[in-house]
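Colleague: Take a look at this one; I'll ask things after.
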Amino acid sequence: MSREVIVIGGGIAGITAAFSLSESGSKVTLLEKEKHIGGHVKKWDRLFPSFRPANEVLDWAEKSMSSDIEVLKEATITSIKREGDKFTVYIQNDEPVTGKAIVLATGYELFDARKKEEYGYGIYDNVLTSADLEAIFREGKKIVTADGKTPRRVGIVHCVGSRDEKVGNLYCSKVCCVTGVKQAIEIKQALPGTDVYGFYMDLRMFDRHFEELYFEAQQKWGINFIRGRVSECAENEDRSILIKTEDTLTGKPLKMTVDVLILLVGFIPSVETNKLASMLGLQTGDDGFLLSMDEHTQDNNTAIPGVFLTGALKGPTSIINSIADARSTALQVQVYLKSIG
Amino acid sequence: MGQLYDKLTEDVRFIEGLKACLNCGTCTAICPAAEFYNYQPRMIVDILQTHDDEKIEVLLKSETIWYCGECMSCITRCPRGNAPGLLITALRSLSQELGYFVESEKGRQQLAIKRTVGEWILKYGYCLFPANILPELHPEQGPIWQWEHANIEAVMERLGANYQQNGPGILRKIPQEALDEIRKIFDETGGTSRYEKIEEFSRKKANELGINLDESLSCDYIRHIYTVNDKDHTRSS
Amino acid sequence: MKIEGKRRIWKEYQKEIAGDHYFYVRSCVRQNFFPGSEKTFLRILKEVLDKDIYENPSHTTCSGIGYHSDIVRFETSMTMVARQFALMTEAGYKNLATSCITSFGLYTEILETWHHFPEVEECVRKHLKNATGREFEVPDNLSHASDIIYKFRNEIASKGKLRLINHITGKPLRAVEHIGCHYSRMFPIKGIGGAEYPYVLTGMIEEWGGEVIDYPERRHCCGFGFRQYLIQANRGYSIACSKKKFDSMRPYKPDFILTNCPGCPMFLDRWQYAISEMEGITYGENGFGIPVLTYEELAGMILGYNPWDLGLQVHQVPVEPLLDKIGIPYDQSSKFLGKDGKFIGKPASPAFLKFF
């Protein structure tokens, strides 16, 4: 089958790239390894900074996909070959797909919080990740302790798996801070009587309205922000979590019990990204994410003509930025297709 | 970079221990000394990374660097790969080399350690020796140690030691040739010179303070540094 | 608590522990305060496990206590350790077994330093040659004595006569395990189970039938602190650290504490006494303390050795309540007798802490 562009990865970046290419005149095949498209956004409840439902964005993206776009789900790629201008992507148990350009949009995975052993995820029952919390919100469940009680105090730990030489990830995952502030507010909305504490090193409120969200979290919702990275978690007899941190702004060590602890887990490069990168001979940076041709001027191109990158496979990013990036990629692809005639 | 900072960089533990600190507080959160003393390992790294010689000199003369118990908990956790515990060892080393340790109450204690553990290493080949762990200086060792200490040979014999005898075994008499080698190692590696410095600077300080210091372990100065706990080490002054 | 979470981590932190032909270096603290433990270690290795373990009488302290009190320079300590390596090389051994945890930590730190800074190793070789004429090879394997007992815990269990079960209630004994700071804090991969959930002692306790309890201050240092103990004025730090641990573990009602560092059992034992004198508090049942054991003492108990051969009589916190729970017979009248039944006096009893 010959289509002009093959988009690999059906998350928000891949979908946006696909329909942007389609809108601008290309024929697109979208390959997705899971049963459904939508990527990680499917797992979120409400998005920062406005708390709009994730479904809104997802629905918009999926509706934007014209019926001309061929979507192949549960597609596992076994190899990619190139002959002149033509790429052939071989898919397990299916017909190969051809095209004149490939867009990689294979995204990221979440850091496995169990690797941060001292936080006890997977050992202590009242330690959850931000993803676990989103699932609780999304499924309309209540936030409760392992004993089914309403927590009187919830702690949120920033930078789990990021900015951390000990787990091998030196980079900042960019969006966890604003996620932490968002979730702190959402917890207060669900449990107004519960005290919420955020433990941070820096608060990275990098985009529009993020800083205002932080202000609102403090002023309107009374959320406490303590500047100190949580060093260790232990379990009390009643399974509440004892955390040790330092309040660096007062310079005093702090020991505190919380009923539930939320770990803001960061991004790691996805396994698929690495696999495809080696299939295509693409370079990864020292942080494990893929390198584009030039981070300022050609961030969607690679050194291989016809191969383009979009989304979180280049590094941690927000949904807003992924959508913008995917559209930019579509433009670059069109420029390329025009140039090869 | 000043002279003091440069001197610190000659210590491999300093190189290993100082990467760049972002003041996250993970080290202080877990530090036992920070729990009990007016101390934050974070501040040590923060000051050192300014490379400011004036601040470093203050540190070398301060009580601050002597609070650490060298448990290394800070090293396990630091997300930037710093090692406050190792930096403390480098600071303590330099403080003794330069004689600054006598400017602090806790620093002055080094002489007592040198005259006990320090001398025993050379004399017996062990850091500790039972006859010298006097119950009156160690009441916390309890009546059990009082009895052991009074009957040390018999107790050691009962427990299968080769107490101060030739050949292998517990608390054996380490051969003189071995002790001579240790002495030579100390001479060769600046270990002897370090001991001498600790003595010399302490002597000067004892004069200054008007407290009698002689060779015995029971002289006024040694008793003084062993027991005095005047300053309030648990609150900022 | 999900124990599978811990098991996952334990599987990840495995290390090579030599199986035989050990060059043994002793511990200053243990020789002074727990001689029975070192005696028992060699007895177990030779008589029960049939291993070749060799001690050169010319070996000395590694200077660890002096090093960590900062009176001994790093260069001096490294060269003293190099001398130990030289004795090992000369005797034809490649596996080093340390009795002390601070030694283990120091040797590991030195080897890592040499790995990252080869010029430092060169310098030490020169120093050693100049001072003593000796040359050395670094050990192929560096293990702590507790690693070795851990490695052979199955054999010890199978040759053992008893299990860590309360023979009256039939329930497993509840143990607190306490790992020395210098075992795995600096280099977690050098410790079995890593730094957060170390397994070297847990493995022994589990294999021998006991149950390990987790409690909030499990990872807290016992408070040795080197200079923080050696100088009387600083001992507040030391006792406060231990007290934090006791207060935290008390609600979990441990039957005993197991340690692998020389200093820790001494402090956890003596500070219970000191706290009882200062505050009238005891942490065990009925006015007793919580018995603190070394892993060799525990192994020896399992193997049916006479408690007074193991050195349990020189603990300030009596171990008899634990012996009774396990059903280990002992002759109280011979507790404080010297060799061949010689009478050598008896210690006085503390004011508060119950004692036999």
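Colleague: Take the residues in the stretch C:260-290 that are under 17 Å from residue C:225 (Cβ atoms) and in contact with an Asp or Glu (Cβ under 8 Å, 6 or more places away or on another chain), then tell me which one is farthest from the other protein chains (Cβ to nearest Cβ).
Modeller: C:271
Colleague: Out of the residues in the stretch B:1-35 that are assigned to a loop (DSSP other than H, G, I, E, B) and free of Cβ contacts under 8 Å to residues at least 40 places away in the same chain, which is farthest from the other protein chains (Cβ to nearest Cβ)?
Modeller: At the first step, the residues of the stretch B:1-35 found to be assigned to a loop (DSSP other than H, G, I, E, B) are B:1-2, B:10-11, B:18-25, B:31.
Still in the running and free of Cβ contacts under 8 Å to residues at least 40 places away in the same chain: B:10, B:23, B:25.
On the way: B:10: 11, B:23: 6, B:25: 3 Å.
So, considering only residues that are assigned to a loop (DSSP other than H, G, I, E, B) and free of Cβ contacts under 8 Å to residues at least 40 places away in the same chain, the one farthest from the other protein chains (Cβ to nearest Cβ) is B:10.
Colleague: If residue A:37 meets every condition in (1) surrounded by 19 or more Cβ atoms within 10 Å (Cβ to Cβ); (2) over 16 Å from residue A:311 (Cβ atoms); (3) free of Cβ contacts under 8 Å to residues at least 40 places away in the same chain apart from one, which number is that one?
Modeller: The single condition residue A:37 does not satisfy is (2).
Colleague: Quickly run through the stretch A:208-266 and pick out the residues that are free of Cβ contacts under 8 Å to residues at least 12 places away in the same chain, closer than 18 Å to residue B:78 by Cα and either of a type in the set (Phe, Trp, Tyr) or crowded, with 20+ Cβ neighbours inside 10 Å (or both).
Modeller: A:253
Colleague: In the stretch C:259-281, how many are over 20 Å from residue C:31 (Cβ atoms) and crowded, with 22+ Cβ neighbours inside 10 Å? Spell out the reasoning first.
Modeller: Within the stretch C:259-281, the first condition is being over 20 Å from residue C:31 (Cβ atoms), and the residues that meet it are C:271-281.
With the extra rule that they be crowded, with 22+ Cβ neighbours inside 10 Å, the set shrinks to C:271-276.
Count: 6.
Colleague: Hey, can you tell me all the residues within the stretch A:66-83 that are in contact (Cβ under 8 Å) with a residue 60 or more places away in the chain and in a loop (DSSP other than H, G, I, E, B)?
Modeller: If the condition is that a residue be in contact (Cβ under 8 Å) with a residue 60 or more places away in the chain and in a loop (DSSP other than H, G, I, E, B), then A:73 is the only one that fits.
Colleague: OK, next. If you go through the stretch A:84-94 one residue at a time, how many are assigned to a strand (DSSP E or B) and within 15 Å of residue A:34 (Cβ to Cβ)?
Modeller: Number of matching residues: 1.
Colleague: Grab the helices (runs of 4 or more DSSP H) fully contained in the stretch B:160-237, keeping just those with 2 or more residues being touching a His at 6+ places or on another chain (Cβ under 9 Å), facing chain C (nearest Cβ under 9 Å) and within 22 Å of residue B:63 (Cβ to Cβ).
Modeller: Those helices (runs of 4 or more DSSP H) do not exist here; none qualify.
Colleague: A further question follows. Are there helices (runs of 4 or more DSSP H) fully within the stretch C:1-92 with at least 1 residues that are within 25 Å of residue B:178 (Cβ to Cβ) and either assigned by TED's automatic domain parsing to the domain that holds residue C:310 or in contact with a helix residue (DSSP H, G or I) (Cβ under 9 Å, 6 or more places away or on another chain) (or both)? List them.
Modeller: Filter on the stretch C:1-92 gives C:28-33, C:35-43, C:64-68, C:74-90.
Colleague: Moving on. Looking for something more than 8 Å from chain C (Cβ to nearest Cβ) and farther than 30 Å from residue C:343 by Cβ - is there at least one such residue anywhere in the stretch B:137-154?
Modeller: no
Colleague: Also, I was wondering about something else. I want to confirm something. Restricting to the stretch B:95-120 and keeping residues that are aliphatic (A, V, I, L, M) and more than 10 Å from chain C (Cβ to nearest Cβ), which single residue is surrounded by the fewest Cβ atoms within 10 Å (Cβ to Cβ)?
Modeller: B:98
Colleague: Still on this model: Looking at the stretch B:36-80, which of the residues that are part of a loop (DSSP other than H, G, I, E, B), on the phi < 0 side of the Ramachandran plot and hydrophobic (A, V, I, L, M, F, W, C) is surrounded by the most Cβ atoms within 10 Å (Cβ to Cβ)? Break it down into steps so the answer makes sense when it comes.
Modeller: Taking the stretch B:36-80 and keeping what is part of a loop (DSSP other than H, G, I, E, B), we get B:37-40, B:49-52, B:62-63, B:67-72, B:78-80.
Narrowing the set further to residues that are on the phi < 0 side of the Ramachandran plot leaves B:37-40, B:49-50, B:52, B:62-63, B:67-69, B:71, B:78-80.
Those still in the list that are hydrophobic (A, V, I, L, M, F, W, C) too: B:68, B:71, B:78.
Numbers: B:68: 31, B:71: 27, B:78: 27.
Ranking the candidates gives B:68 first.
Colleague: Taking the stretch A:254-281 on its own, how many of its residues are assigned to a loop (DSSP other than H, G, I, E, B) and either in contact with a helix residue (DSSP H, G or I) (Cβ under 9 Å, 6 or more places away or on another chain) or modelled with pLDDT under 95 (or both)?
Modeller: Number satisfying all stated conditions: 3.
The values are calculated or read from the model by the stated rules, or taken from the named source; none is laboratory data. All values derive from a computational prediction rather than experimental measurement. A quick note on method: Cβ atoms are made from the backbone with ideal geometry, for glycine too, and the neighbour counts reach across all protein chains shown.
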